[in-house]
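J.: Quick one: this structure, given as structure tokens, is what I'll be asking you about.
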Amino acid sequence: MTVNDDLFTDWKRREEIAEAMIPIIGRLHRERDVNVLLHSRSLVNKSVVSILKTHRFARQIAGEELSVTETMPFLRALADLDLGPSQIDLGILAAGHKADDRGLSAAEYTAEAVAGAIGTGGLERGAGRDVVLYGFGRIGRLLARLLIEKAGSGNGLRLRAIVVRPGGGDTEQDLVKRASLLRRDSIHGQFNGTITVDPEHHRIIANGNGIQVVYSNDPAAVDYTAYGIQDAILIDNTGRWRDREGLSQHLRPGIAKVVLTAPGKGDVPNIVHGVNHDTLKPDERILSCASCTTNAIVPPLKAMADEYGVLRGHVETVHSFTNDQNLLDNYHKSERRGRSAPLNMVITETGAASAVAKALPDLKAKITGSSIRVPVPDVSIAILNLQLARETSREEVVDYLREVSLTSPLRRQIDFTNGPDAVSSDFIGSRHASIVDAGATKVDGDNAILYLWYDNEFGYSCQVVRVVQHVSGVEYPTFPKPATVSAVSAVSAVQAVSAV
């Protein structure tokens, strides 16, 4: 047998194991509302090849490839436990077991590591929260996809209605068009499932979920209880109102809280999940998820401030064009944005830097910012230039951020890549708020420059859903629990190995 034959045989064996994983992952998700992850990446509804590729991802950031042969015993162990709604990371389970010296079996180690998820995991099965989308544009449709995906076994969040402006034409055709926009997307691809329309009841049916389509120009005119909606979270995707007075119009019968997918003004709290979501008061009814760029820069800024201290910084965002720009030169209230978006680089303003103070009030460093819109339809990059409180090295910063992306409480927000040929389109569909590009990172003494990719549509939408889960009381606990990252210990270990 040749080397190539050996490689092919190994590939077929791993394919077989990945194929056997799919029904187990599906049952855990459908019957117990357990989302199986691998290094923060969901394995639910993934193909055989996707599962294998996700395992191979571990080599890129952790330095060694994680095989399905290593994770399958832990997945089987999960299937034998009485788990409640939760997120469980096979990658961290496998790594923890490998480092454990007590001689426990995979099943014994798993039962111990996810003990908090056994039973209800802190949530009642069958519990859930109604969600209403006000606006059905780029972010609205991606939120719809995510909410439908997360319907799972019926727990958690339930997308009940979408509010859109009256089209003035045939309602049935309007439904068909909106369903088509949900079904197919030029950037994010096909909807993962089936979509039909129910014109008689003005509903879109997506993967068995009936979603009421409500036509209204006035948020104060809608009675959501007429559609059986109670105690719902309303997500305003229009950006039309950004202060407390305007957003309060949504607090109608059936609506308990309002979440804005744009920077809030005045005393509206701007929330970046993973950083300041736990500061929200239980009785707060109106909040903002800030902007995509704020979500991209605040988690890595917090990570750097926690470890090195930050004296000042500047963020330059190279941002994909958006629907508020013109395809061809035309009138626009912002003069530069009136110029053709697909033909020009356009200097514009960003409020992300000023929003840092709201998300990180303890950070006293002055952060400035500016932005350039460029002719790509999705995925942006933020260049974060920081003056640190102490000198460091590129190797230390890269190792620290790699560890943050793997094991810290910010691992759902910060991803990491050391792909030497990575470009913007590689990050379409990323569920993280930002991705650290290790190869582009620059450090000179107390100056660090981080290049942070982010899917300004999908990654941001994932952050919004995390905030909604949190304020709804259905944010599933993640197991094993993330450790507190210590860059000093991580770097010391690397240096010790290098010295040997």
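J.: Gap in Å between the Cα centre of segment 294-355 and the Cα centre of segment 23-50?
T.: Cα centroid of segment 23-50 versus Cα centroid of segment 294-355: 35 Å apart.
J.: Toward the positive end of the charge dipole of the chain, about the Cα centre and with charges on Cβ (Lys, Arg +1; Asp, Glu -1), which of PRO361, ALA382, GLY351 goes farthest?
T.: GLY351
J.: Then there's this: If I stretch the segment between ARG165 and LYS442 completely, what's the gain in nm (0.36 nm per residue apart, minus their alpha carbon distance), one decimal?
T.: Here the segment from ARG165 to LYS442 would lengthen by 95.0 nm.
J.: Work out from phi, with θ = phi - 60° and the Karplus expression 6.51 cos²θ - 1.76 cosθ + 1.60, the ³J(HN,Hα) of each residue of segment 10-19, listed in order in whole Hz, and give x for Gly and Pro.
T.: These are the phi-based 3J(HN,Hα) values: 5, 4, 5, 5, 5, 4, 4, 5, 4, 5 Hz.
J.: Placing +1 on the Cβ of each Lys and Arg and -1 on the Cβ of each Asp and Glu in segment 128-262, which of HIS188, ILE162, ALA232 has its Cα farthest towards the positive end of the resulting dipole?
T.: HIS188
J.: Give the longest segment of the chain that steers clear of GluC sites (Glu not before Pro) in DSSP loops with at most 14 neighbouring Cβ atoms within 10 Å, not counting the sites themselves. Please list the in-between numbers first.
T.: Working: sites that count: GLU64, GLU65, GLU124, GLU284, GLU335, GLU349.
Counting only loop sites that pass the neighbour cut-off, the longest clear stretch is 125-283.
J.: Residue by residue through segment 387-393, which ³J(HN,Hα) values in whole Hz follow from phi under the Karplus form 6.51 cos²θ - 1.76 cosθ + 1.60 (θ = phi - 60°), with glycine and proline marked x?
T.: So the Karplus estimates, Gly and Pro as x, are 9, 8, 7, 8, 6, 8, 10 Hz.
J.: Residue by residue through segment 255-267, which ³J(HN,Hα) values in whole Hz follow from phi under the Karplus form 6.51 cos²θ - 1.76 cosθ + 1.60 (θ = phi - 60°), with glycine and proline marked x?
T.: Each residue of segment 255-267 in turn: 10, 9, 9, 10, 10, 9, 9, 6, x, x, 10, x, 8 Hz.
J.: Shifting gears a bit: Which ordering of LYS257, LYS481 is given by a fewest-first count of other beta-carbon atoms within 10 Å?
T.: With the fewest neighbours first, LYS257, LYS481 line up as LYS481, LYS257.
J.: With +1 on each Lys and Arg Cβ and -1 on each Asp and Glu Cβ, how big is the dipole of the chain about its Cα centre, in debye rounded to the nearest 20?
T.: Dipole of the chain, to the nearest 20 debye: 1080 debye.
J.: Right, next: As a test of the formula, what do you get for the chain when each DSSP H run with n ≥ 4 contributes -39,500 (n - 2.57) and the sum is divided by the residue count, at 222 nm and rounded to the nearest 500 deg cm²/dmol?
T.: My calculation for the chain gives -11000 deg cm²/dmol from helical runs alone.
J.: For segment 300-350, which chymotrypsin sites (Phe, Trp or Tyr not before Pro) are both in a DSSP coil and crowded by at most 16 other Cβ atoms within 10 Å?
T.: Listed in order of number, the matching sites are TYR331.
All of the numbers you see were taken from the coordinates with simple rules; none came from a lab. The structure presented is a predicted model; accordingly, all values stated were derived computationally and were not measured. Glycine gets a Cβ as well: all are built from the backbone with ideal geometry, and neighbour counts include every protein chain shown.
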